[in-house]
Amino acid sequence: MVFALTNATVFTGKEQINGKALLIENDIIKALADTASIPDGTKIMDYAGYFIAPGLIDLQIAGGGGYLFSENPSEEALDSIIKSIIKSGTTGFLIVAPTNSFDVYRKIIKILKQNPHPALLGLHLEGPYINKKRGGAHNRSYIKKPDGKGIKKLLDEADGIVKMITLAPELCDPEFVKTLTDYGIIVAAGHSNATFKEAVAGFEWGIKATTHLFNAMSQFHHRDPGLPGATFETKNVYASIIADGIHVDYNAISIAKKIMKNRLYLVSDAVEENLNGAYLHRRQKDRFTLPDGTLSGSSLTMLKAVRNCVQHVGIDMDEALRMASTYPARLIESHRHGYIAEGYKANLTVFDKDYNVKQVIIEGKFYL
């Protein structure tokens, strides 16, 4: 079946296009064509007044749909989380496991391997090799010293499920980072108290990104710019940022964007309410906190983050969408996400002028 999505404003990842029909055949984008050239037998869908963008990608989300996945590593929880994330407009994501025991990691890996889904891009281990001084909402009792032998065993069992690991570079050495990169893992610096010099060294070893810029890390100081400064200055390093106006002030996002340009991308860092277990998150009006009030996660969706960047940071919509799709796709080296172009997978987010989700398309399958 060939579908033609007509009358929408199409943002391709490079430019906005009007007056063309977006043709999808099976799971592939076939063309952006003149409406007069739509083939006979095509199912025509009118999206007048809507925007079509490359599917949004979230590289850091811990839960949704009523479940915090690390506390409920089950098929039921994963299914509910996936449905919730898709409904929010996101077409691809890394599920996050915060600092935890290897037994929990193994349970998570087993469930992910047994329940593949095109929206599920893999696992992001946020820890356990982080700095206790910058642990944030992480459970300190599970923090470990880097152990090449132990992580190799886990990654062998994971068989490619683990895509990203966040660690503190000041606690690691070049050999440990190389162990991870040899497995094809994207290594990110985060929950770190690294000095500028220590962070730069980590980037030279192969660390490619910084996790939730400004949060749970050494701060930018005029005597030592710390991990944020090293991230700004290392020109091939990406950074994620939480654009809810709570984790990071919108003015700080503006400053970081001016410096990093196409190296800054959006994540939700969203959690879910959980009142039992190792991670206790309480839902507040606009965020999640630990029982003591410590900020523990956002209530963002990726589309809300895009809207916030446009409305509160002054970033053009095209660029905000790239921050939520094209740039994270580049970081994870995905050749099926990030653009609307002939031959790409049909991963699309459709929304209105108020950033309400109209339709989500994942590999040619229509949701909502």
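The table that follows gives values for the structure above.
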{"item": "Derived scalar couplings ³J(HN,Hα) [segment 180-189; Karplus, 6.51 cos²θ - 1.76 cosθ + 1.60; whole Hz; x for Gly, Pro]", "result": "5, 5, 5, 8, x, 7, 7, 9, 10, 8"}
{"item": "Semi-axis lengths, Å, segment 56-331, gyration tensor of Cα atoms, sqrt of 5 times eigenvalues", "result": "24, 23, 18"}
{"item": "Full-stretch length increase - Glu157, Arg223 - with 0.36 nm per residue and alpha-carbon distance subtracted", "result": "19.4 nm"}
{"item": "Residues Phe220, Phe11, sorted so that the one with the fewest Cβ neighbours within 10 Å comes first", "result": "Phe220, Phe11"}
{"item": "Highest-fluctuation residue, Lys132, Lys345, Lys145 considered, GNM on the chain with Cα pairs under 10 Å", "result": "Lys145"}
{"item": "Percent antiparallel among DSSP beta bridges (both partners in the chain, rounded to 5)", "result": "50 percent"}
{"item": "Whole-Hz ³J(HN,Hα) from phi, Karplus 6.51 cos²θ - 1.76 cosθ + 1.60, for segment 304-319, glycine and proline x", "result": "5, 5, 4, 4, 4, 5, 6, 7, 10, 9, x, 8, 4, 4, 4, 6"}
{"item": "Burial ranking of peptide ranges 19-25, 325-331, 248-254 (average Cβ count within 10 Å, highest at the top)", "result": "325-331, 19-25, 248-254"}
{"item": "Ascending count of other beta-carbon atoms within 10 Å, so fewest first, for Ser88, Ser37", "result": "Ser37, Ser88"}
{"item": "Highest-MSF residue in the chain out of Glu157, Glu126, Glu319 [GNM, Cα springs under 10 Å]", "result": "Glu157"}
{"item": "Distant-in-sequence amide H partners of Asp269 (H built 1.01 Å from N, under 5 Å)", "result": "Gln60"}
{"item": "5 angstrom amide H check on Ser218, placed H, neighbours 5+ away", "result": "Ser192, Asn193, Ala194, Leu227"}
{"item": "Residue-averaged 222 nm ellipticity for the chain, from DSSP H runs of 4+ at -39500 (n - 2.57), nearest 500", "result": "-7500 deg cm²/dmol"}
{"item": "Other-chain or far-sequence residues with amide H under 5 Å of Gly338's (modelled H)", "result": "Gly55"}
{"item": "Gap separating the Cα centres of segment 47-77 and segment 96-129, nearest whole Å", "result": "15 Å"}
{"item": "Whole-number percent relative contact order across the chain, with pairs defined as alpha carbons under 8 Å at least 6 apart", "result": "21 percent"}
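We did not get these values from a lab; they are worked out from the coordinates using the rules stated. Predicted, not measured: the structure shown is a model, and the values here were computed from it. For neighbour counting, all protein chains shown are included, and Cβ atoms are generated from backbone atoms with ideal geometry for every residue, glycine included.
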